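Contents: one structure, followed by commentary.
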Amino acid sequence: MSLTSRELNYLVWRYLQEAGFELAAFALEKIASCSHYESETSSAIISKIEPGCLVNLVQKGILFSLAEEEAERDKDDTDGSKLSLFGALLSDHLELDTSSEEKEEVSKRFLSKAEAKLNGTHEDEDVEMKDETSNDNQSDNSQMIPKSFTTQSLQPIITYGQSLTSEWHPSTSVFAYGKSNSSAVINAIKDGAIAESVTLVHPNISNLKNEINIVSWAPQGNLIITAGINGELRAWSPDGKLRNIANLLSDDIPVSASDVEPIERTSSVITNVLWNENGQLLLSLDSNNQVSLWDGNTLSLIKQINPPVAPADNISVITACWLNEDKFALSTVKNSIKIYSITPQQFGSLNQLDVQTIGFLHGHENSISLLKLNNKSKLLASCSDYDYLIKVWIRGSSQESLDLNTTKDETSKLHTSPIVALEWLEGFDDVSTLLSVSMEGILNIWNCSTGETIKSSDLFSYKDNFKLDSDDDFHHSHDLLVFDASLSPNQEYLALADDLGRVTVWDVSLSRYSKNDPRDFVRCLAVYNFQIPDHVDNDDTKVGICDVKWDNESSNISVSYSGADSVVLKWK
């Protein structure tokens, strides 16, 4: 039960990587060659080293030493005169963080039974250990685990025109949506109604509708970006004033030094934009699989990354996510993940930003459709729409990823259609949990320590998931497809949009479920049944749901429809 200096160096090296101290990890690797410990002879040990292993060992060592001190303490030494490092640490902690009453209660927890008797506390009482599944324990959690629920029917509180996409302001009751007529609209809500509106206009394109398919608020809410099918980005203030314009077809485009293929100036549609956390940088992805890095304040183009030429039979669309303020991950047409770093460079008298490749993650055999980072644990999740494989990568580790959706047991259901949502949930029982939803309506919540499912449900087929007031039996449930999914900011509710135009709200807060509940059981808390307007001719007009978004308070849902009016639903 001991560690060699080589093993300890390896654990410290892993800790530095996991904590984001790349330079310190690099320096330790140069001196101690920690990565050389990763060999075939030590593979069995390394596979058991989980994130936070060193911290766990240190914490357990402190607790063990405290317990050892208490066991060896002389009974006559009741004034605590026997000093030690751990005793001093414990004493300082009690003096700083607890009141006199709290100190008395905490100190009692460290007394042995004999010492408690000497002090006259609980002389004739033993502490009864409760079983985790006992009735008493369940009664303590009765407020967290609803015994019954009702699937309520949602009604629109606001109706507005057709829209392709929408997004809520990060801190106020304001939402914006994009329309198919070269414009976007910002709406301010007050008392459940639209109090004020501002229209944002893009130029028309000859013979084409300049559909606004992107609206995106900066994290601080001081700017909104809109984009249409002409590849043009426009930045606006919240009051609708135009700030900046940028276009992907600019003749002066800086190219990443890591790119070897020349950039062809062809028209493209921006498919997604991603802000870093402080809103200083913006990534845009377009239909030509080019990724552009912009200054978030001025919309000046910093660098454009041109992907390598894909094989003729590969039609994959790349995706991206931010890892921190100056690093991002990008899927490639060759089924790998590239890690990029943004660093300041001196060019003459000017300070500019440069983008460099710093790492690769290999393992997917098919194109990657989604990337999602857990900001707390720094775990990176990726999935593929071809083999439906989900991988969880440990940041900074050279070990292989944890593979999910590969092994089916009697109570779990595998995704067998494209995955439309990949979201991290708040840690439950200190475990990183990942939610995934596929088009056939299967939901899985994964334990990313063991790879097992905590919840696994064919949502619309499991009848116990619904407690409807009406006679609606969710017919066609076996045929429906989930088109879109949106997790509420508080990570407690999931909104799903299906091919019937219907919106359902699901309870995905694991703290509100009992361990005795079936894994299939996921409460459907609300339903919005979309009705096609009578004036719509289905032969001439395509009616469908385009987007679903939560507001910042997890209380309102905007639902964008094409061919029919869009709505805002009041959830709670």
Practice task
Kindly establish whether I454 is surrounded by fewer than 22 Cβ atoms within 10 Å (Cβ to Cβ), at pLDDT 90 or above and of a type in the set (V, I, T).
Solution key: yes
Quick count over the stretch 409-461, residues being of a type outside the set (A, V, I, L, M) and part of a strand (DSSP E or B), is 17
In the stretch 367-390, anything of a type outside the set (A, V, I, L, M, F, W, C) and part of a strand (DSSP E or B) is listed as S369, K372, S382, S384
Given the conditions (1) surrounded by 21 or more Cβ atoms within 10 Å (Cβ to Cβ); (2) in contact with a Cys (Cβ under 6 Å, 6 or more places away or on another chain); (3) over 22 Å from S384 (Cα atoms), every one holds for V508 apart from (2)
For Q220, indicate whether it is modelled with pLDDT under 95 and not in a loop (DSSP other than H, G, I, E, B). no
With criteria (1) modelled with pLDDT of 95 or more; (2) touching a Ser or Thr at 6+ places or on another chain (Cβ under 8 Å); (3) not small (G, A, S), H169 comes up short on (2)
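The values are calculated or read from the model by the stated rules, or taken from the named source; none is laboratory data. None of the values given here were measured: they were computed from a predicted structure. FYI the Cβ positions are ideal-geometry reconstructions off the backbone, even for glycines, and counts take in every protein chain you see.
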